[in-house]
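Step one of this worksheet: look at the structure below.
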Amino acid sequence: MRISACYIVRNEAAKLERSLASLEGAVDEIIVVDTGSSDDTVKIAEAHGAQVFHFPWQDDFSAARNASLSKATGDWILVVDADEYFPEGMAKNIRPAVERYGADADLLIFMRREFDEDKGEVLLDTYVSRLLRRTDGLAYEGAIHEEPRRHGSIIARMATIPDGELMMMHTGYSAVLLRSKGERNLALLLRELESGHPRDSIYMYLAETYDGLKDEAQGLRFAWMDVMRGRKPIIFASRTYCILIRILAKHPERYQERRKATAMAVKDFPEIPEFHAEYAECLALGFAYRAAVRESKTALDLFASGVGCGMEPSMFTQETADFVRERMEMWERLALEGLDAFGDLAGRGDWKGALAEAENGDGCDVAGVSGRNACRCSDRGKFCATAACHSWFRREKRSKAAGKSICKVFREGKGCGSSCTDRGGGVGQRVGAPFGLAGRRRRRDFSAFGRCQLSFGRSGRREAVFFAGTGDNALGGDGFLFAMAGGGGGRCLKFRRA
């Protein structure tokens, strides 16, 4: 069995040396197609015994790839880029891996580690389809993010080489190169989109490129267009959901959109534990604690099974599992305190039902002080969360027009000294749908309960509720306060200890 390594290069003198050296003695021939280098790329390739061919650049990576495939004579073709290399001693596993896993396959995939040399950080581990059986009809398609095909169809006979047996490194994602590569890729992708015959994966690649260029609006647009098409039979098809969820998580006001995206991700990729953990966070933000616990358990079970995610990469580590378990235990306590029924209604947008559920509550005990139902806004209800911070709930006035009490929270006594902020991390983010305080447009900030913080933010006629926790616990080590008001007036809901 012969193996050919095929490269396409241009001005890669700084990278090519290491890549070729890592393949020494592992392949039978090296094919290098140069698309117009002006540096020492060609000399370096020839010094390593490569056969060098020249091919004019046509703004089409598939055209150059196919030119390299046409020169190969091996039974199997290893496709490599100049900024990729095999760790020391790893390339010797190429031939045994092909013999072991390639008997009934025409395409072999293996792990590639994305590495930022500028920062010395591992960015991602993902599978790539780089070992191809040389057969009739083998050709790449797509001007950018080219994909191997056989007679124009997806190569069906595929097998996976375990990452412990074969892995390559990729250093092409340093911050210095990202911008220029992204702009080049975007131009090629838009040209393909305008051609009228784009690939099914075009929206995924556009979302990925716009995200890399920090264009959130366009990234979200194409990400939604891609996921609405359903799961695709390609490697790392889940990347669009990763982009979508990450961007939406930065915008608490888009909570409902984020919750929809994570629910879809879990449905399309049930094998990925991160998506279940993300969905759990969204459910908890909507106070659906029991459902959040179920999703957390699913994430932990998937991780513990050790089965893996097939062609989908997973960055779910033991550290992640420990964090998810801690969150799950917190949500279990909250569910036992009775907030889950309220959360189920609120999560579905039934605020009238949620208010009714809250008003039926019995209040709670905090730090040994018997609490009252905060909806009743008792003047006598002094709630003590820590020795350093006291807060009062008082009914200041009644809105006759609305016929409902308008609750305001005051800070009295010695406060915790932390400044009020609009956002916290994790659970301490702006809650889903905006709530209102009798259509008021002014902002109120105040501290309450230790280092928990709360503020009402402007949102047209309706205002949004925020609550934040301590730095050590996203929900707040001393407890949290959630206040809410319905359309024409206001009510404060129960105080609960975290």
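Throughout, read-outs are computed from the coordinates displayed, never taken from laboratory work. Here the structure is a predicted model, which means the values were calculated and not measured. Cβ atoms come from the backbone with ideal geometry, glycine included; neighbour counts cover every protein chain shown.
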Item to check | Distance in nm between pseudo-label sites at S305 and K43 (7 Å out along the Cβ direction from Cα) | outcome: 5.6
Checklist outcome for this item: Yeah, the range 114-232 with a ≥ b ≥ c from its alpha-carbon gyration tensor (a/c under 1.5 is rounded, else prolate when a/b outruns b/c, oblate otherwise) is oblate
Checklist outcome for this item: Subtracting the Cα-Cα distance of D322 and A263 from 0.36 nm times their residue separation yields 19.0 nm
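Net charge near A103: determine it from the other residues with C-beta under 14 Å of the C-beta of A103, scoring Lys and Arg +1 and Asp and Glu -1.
0
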Checklist outcome for this item: Given 282-291, 58-67, the highest-first ranking by average Cβ count within 10 Å works out to 282-291, 58-67
Next on the checklist: Could you work out the relative contact order of the range 11-169? I mean the mean sequence separation of Cα pairs under 8 Å and 6+ apart, divided by the number of residues, in percent.
Outcome noted: 25
Checklist entry - Please state the relative contact order of the range 94-249 as a whole percent: Cα pairs under 8 Å, 6+ residues apart? => result 21
Checklist entry - Tally Lys/Arg at +1 and Asp/Glu at -1 over every other residue whose Cβ is under 9 Å from the Cβ of S37; what's the total? => result -3
Checklist outcome for this item: From the cross-link list K43/K119; K214/K297; K43/K92; K181/K232, the entries with a Cα-Cα span beyond 28 Å are K43/K119; K214/K297
Checklist entry - How high is the relative contact order of the range 155-231, in percent, with contacts defined as C-alpha pairs under 8 Å that are six or more residues apart? => result 24
Item to check | Cα-projected label distance for Q218 with E24, points at 7 Å along beta-carbon direction, nm | outcome: 4.4
Next on the checklist: How far apart, in nanometres, would the label points at E114 and M228 be if each is projected 7 angstrom from Cα along the Cα-to-Cβ direction?
Outcome noted: 2.5
Checklist entry - What's the extension gain from E329 to M90 if we count 0.36 nm per residue and subtract their Cα-Cα distance? => result 81.8 nm
Item to check | Theoretical FRET efficiency, 1/(1+(r/R0)^6), r = Cβ-Cβ of E194 and L124, R0 35 Å, to 0.05 | outcome: 0.70
Checklist entry - How much length, in nm to one decimal, is gained on full extension between K250 and S153, taken as 0.36 nm per residue of separation minus their Cα-Cα distance? => result 31.1 nm
Checklist outcome for this item: Given backbone amide H placed at 1.01 Å from N, residues whose amide H is under 5 Å from that of H251, ignoring those fewer than 5 places away on the same chain, are none
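Under 11 Å from the Cβ of D301, count the other residues' Cβ atoms, weight Lys and Arg +1, Asp and Glu -1, and hand me the total.
Within the 11 Å Cβ shell, the charges total +1.
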